Amino acid sequence: MTAELADGEASEPKGGGGGGDGGGGAAAEGGAIVAADSAVDFEAAFHRKHDVHEGVVKFNMKPKTGMKYPRKVFSLEETPAATAAFLLATEGLDKKAVGEYLGEGDDFKKQTLLP
């Protein structure tokens, strides 16, 4: 049995086992490391997307308390510029909820509205 590497070369599997050692032998090959890294990147992106979606849902339900979630979960800075970037760039935010959040009138929210 041969395994196909990322650069197209075939190699014989090392060791006589069926891969039940937790992946230690397979992770030593270059192609397997790239595959493992991309799997980790995919998983991290999946969790990040899930966290952002959950933040959008929380913000749309209660804007004032919903802004605490992105600050806590993915370390959104508590600055007017970071808040404005989040409100502008995040898909799915309800415009009425954004207006409710920014319309509270405190100085922080006024600074968020400035360019």
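We did not get these values from a lab; they are worked out from the coordinates using the rules stated. Computed from a predicted structure; not experimentally measured. Using ideal geometry, Cβ is built from the backbone for each residue, glycine included, and neighbour counts are taken over all protein chains shown.
Structure notes:
- Annotation for residue 98 and residue 110: the two label points, set 7 Å from Cα along the Cα-Cβ direction, are 2.2 nm apart.
- Computed from the C-beta positions of residue 49 and residue 81, the FRET efficiency with R₀ = 25 Å rounds to 0.60.
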